[in-house]
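For reference, the structure is listed below as structure tokens.
The values are calculated or read from the model by the stated rules, or taken from the named source; none is laboratory data. If you're wondering where the values come from, they're calculated on a predicted model, not measured in any experiment. A quick note on method: Cβ atoms are made from the backbone with ideal geometry, for glycine too, and the neighbour counts reach across all protein chains shown.
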Amino acid sequence: MTEPLWLTDPFRAMIDPIDRETFFRDYHEKKPLIVHREDPSRYAGLLSIARIDDIVSSIDLREGSLDMARSEPPVQREDYMFDTGYVDRGGVANQYRQGATIILPQLHMVDATLGEFCRSVESILSCHVQTNIYLTPPDNQGFNTHYDDHDVFVMQIEGEKLWRFYATPVENPYRGEGFRPEAHEAGEPVAEFVLKAGECIYVPRGLMHDAQTHGTEASLHITLGLIVKTWADLMLEAVSEVALRTPAMRRSLPTGFAQPDFDRADAAAQFKALTDTLAQEMSLDGAMDFFVDSFIRSRVPNTRGTISSYRAASSPDQAFRLRPFVPWRFAGDDKENVLITAGGEVRFPAEAEAGLHTLLDGGTVTAASFVGQDEAAAIETLGKLHAFGLVVPV
């Protein structure tokens, strides 16, 4: 069975016919991308209104796992939430029929299909990827005009939505630098269009926008949020590493610096000396290595199939390949080999190094590939790789 495009090539599924190089050169953090296409079933299997109905009607959702919104009049918490903190399913359906949008934040954390999709996008972008799901009934709008503090891709799953883009009052806002309607006036739209099922848009952070359902059917879309690290984050980490090695940077600020008559001349000289030290001592590699390891370790492991096919590695002839999109970094010495991967570290004996390198270089491995181990030890290595979601049977 052929795997869907959104799983094998997630960026192509979203932005095709724009290629990845063009997107990062011309659109990323610069301007929106609107991808129209006549392919309404493009995201079939990723999510559906029927699946949302199943989730809301059969799972005891707690506060934070479901929200509701309506531009006018606003939805109140007590309209769809019990005092116990659980979702009132009847209240949700009642508010939905009255025009409220059903929102499922972070659904990728509990839905295996969405989770796998997010992991595949994360492997390309090296950033945390999260989902917010929006189901809006016909002729309604969930939110007023606003901008987001993170870039998003919007994938229209079912129905249609009318979108409007406005100005960009804040270029690349910080995380948490939210939209303030009293300070950011939308003005007239600079673009207005209908997004249909199977289509996608990219909205850079800071671009004001709003949307409402279009046509006679409900609208279901996935908002894919990109939570990135910035150059400012990297610089702060590099400064912190220098501070660990430089006692002068850890000294307190001058006594009385907050007093009105404080003379800043000496402080200015000290500040200049410390910035000179930073210029000499700051290292890209140290800070970047920290971010790489932190990103990889913080990913959610993909272990789908490891329980149902736990015997796979017991046969010496069973071949394996690296699981698609799995994050990893290799570290080793003459005593052991370590794969830093989603969730932490997986350790192997030094004798497994030859087979591990074949695997990580893109090759297919069997027990015989681990030439430094006997058959039983090689099968154990393969079993461990499989159990932690690093490999899949071929």
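Here is a list of conditions, (1) within 19 Å of Thr8 (Cα to Cα); (2) of a type in the set (A, V, I, L, M, F, W, C); (3) touching a strand residue (DSSP E or B) at 6+ places or on another chain (Cβ under 6 Å), and Val392 meets all of them except one; can you say which number that is?
All conditions pass for Val392, except number (3).
Hey, Leu226 hits all of (1) without any contact (Cβ under 8 Å) to a residue 60 or more places away in the chain; (2) part of a strand (DSSP E or B) but one; which does it fall short on?
Of (1) without any contact (Cβ under 8 Å) to a residue 60 or more places away in the chain; (2) part of a strand (DSSP E or B), only one is false for Leu226: (1).
Select from the stretch 377-394 the residues that are small (Gly, Ala, Ser) and either over 12 Å from Pro301 (Cα atoms) or surrounded by 19 or more Cβ atoms within 10 Å (Cβ to Cβ) (or both) and list them in ascending order. Even if it seems obvious, please write down each step before you answer.
We begin by selecting, within the stretch 377-394, every residue small (Gly, Ala, Ser); these are 377-378, 383, 387, 389.
Ala377, Ala378, Gly383, Gly389 - these are the residues of the stretch 377-394 that are small (Gly, Ala, Ser) and either over 12 Å from Pro301 (Cα atoms) or surrounded by 19 or more Cβ atoms within 10 Å (Cβ to Cβ) (or both).
Hey, can you tell me all the residues within the stretch 124-162 that are hydrophobic (A, V, I, L, M, F, W, C) and over 23 Å from the mean Cα position of the chain (by Cα)? So that I can check it myself, show each step before the final result.
Step one: filter the stretch 124-162 for residues hydrophobic (A, V, I, L, M, F, W, C), giving 124-125, 127, 129, 133, 135, 143, 152-155, 157, 162.
Correct list: Leu162 only.
Mind counting the residues in the stretch 130-165 that are more than 20 Å from Glu199 (Cα to Cα) and of a type in the set (Phe, Trp, Tyr)?
Of the residues in the stretch 130-165, 2 are more than 20 Å from Glu199 (Cα to Cα) and of a type in the set (Phe, Trp, Tyr).
Any chance the stretch 165-179 includes a residue that's farther than 23 Å from Lys30 by Cβ and either within 21 Å of the chain's Cα centre (by Cα) or not assigned by TED's automatic domain parsing to the domain that holds Gly215 (or both)? Give the derivation first.
In the first step, residues of the stretch 165-179 are kept if they are farther than 23 Å from Lys30 by Cβ; the result is none.
No, every residue in the stretch 165-179 fails to be farther than 23 Å from Lys30 by Cβ and either within 21 Å of the chain's Cα centre (by Cα) or not assigned by TED's automatic domain parsing to the domain that holds Gly215 (or both).
I need a count of the residues in the stretch 64-111 that are within 28 Å of the chain's Cα centre (by Cα) and of a type in the set (D, E, K, R).
Here the count works out to 4.
Take the residues in the stretch 236-255 that are of a type in the set (Gly, Ala, Ser) and surrounded by 10 or more Cβ atoms within 10 Å (Cβ to Cβ); name whichever of them is nearest to Trp328 (Cα to Cα). First the steps, then the outcome.
If we filter the stretch 236-255 for residues that are of a type in the set (Gly, Ala, Ser), which is where we start, we get 238, 240, 243, 248, 252.
If we keep only those that are surrounded by 10 or more Cβ atoms within 10 Å (Cβ to Cβ) too, we end up with 238, 240, 243, 248.
On the way: Ala238: 23, Ser240: 25, Ala243: 29, Ala248: 37 Å.
The extreme case among them is Ala238.
Restricting to the stretch 48-63, name every residue that is modelled with pLDDT of 95 or more, surrounded by 13 or more Cβ atoms within 10 Å (Cβ to Cβ) and among the acidic types (Asp, Glu).
The answer is Asp53, and nothing else.
With respect to Gln141, is the statement that it is assigned to a strand (DSSP E or B) and closer than 21 Å to Arg70 by Cα true? It would help to see each step written out before you state the result.
Values: assigned to a strand (DSSP E or B): no; closer than 21 Å to Arg70 by Cα: yes.
No: the conditions fail for Gln141.
Among Ile157, Ile201, which is the only one that is farther than 18 Å from Phe143 by Cα, of a type outside the set (Lys, Arg) and not in a loop (DSSP other than H, G, I, E, B)? If you could, list the steps in order and put the result at the bottom.
On the way: Ile201 fails: farther than 18 Å from Phe143 by Cα.
Going through Ile157, Ile201 in turn, the sole match is Ile157.
Within the stretch 345-361, is even one residue crowded, with 17+ Cβ neighbours inside 10 Å and touching a residue at least 40 places away in the same chain (Cβ under 8 Å)? Can you show your working first?
We begin by selecting, within the stretch 345-361, every residue crowded, with 17+ Cβ neighbours inside 10 Å; these are 346, 348, 351-353, 355-356, 359.
In the following step, the residues that additionally are touching a residue at least 40 places away in the same chain (Cβ under 8 Å) were identified as 346.
The answer is yes; a qualifying residue exists.
I'm trying to understand the selection: among the residues of the stretch 29-62, which are assigned to a loop (DSSP other than H, G, I, E, B) and in contact with a helix residue (DSSP H, G or I) (Cβ under 8 Å, 6 or more places away or on another chain)? So that I can check it myself, show each step before the final result.
Residues of the stretch 29-62 that are assigned to a loop (DSSP other than H, G, I, E, B), as a first pass: 29-32, 36-48, 59-61.
Those that are assigned to a loop (DSSP other than H, G, I, E, B) and in contact with a helix residue (DSSP H, G or I) (Cβ under 8 Å, 6 or more places away or on another chain): Arg42, Tyr43, Gly45, Leu46, Leu47, Leu61.
Can you confirm whether Asp261 is assigned to a loop (DSSP other than H, G, I, E, B), loosely packed, with under 11 Cβ neighbours inside 10 Å and charged (D, E, K, R)? Even if it seems obvious, please write down each step before you answer.
Working: assigned to a loop (DSSP other than H, G, I, E, B): yes; loosely packed, with under 11 Cβ neighbours inside 10 Å: yes; charged (D, E, K, R): yes.
It is true that Asp261 is assigned to a loop (DSSP other than H, G, I, E, B), loosely packed, with under 11 Cβ neighbours inside 10 Å and charged (D, E, K, R).
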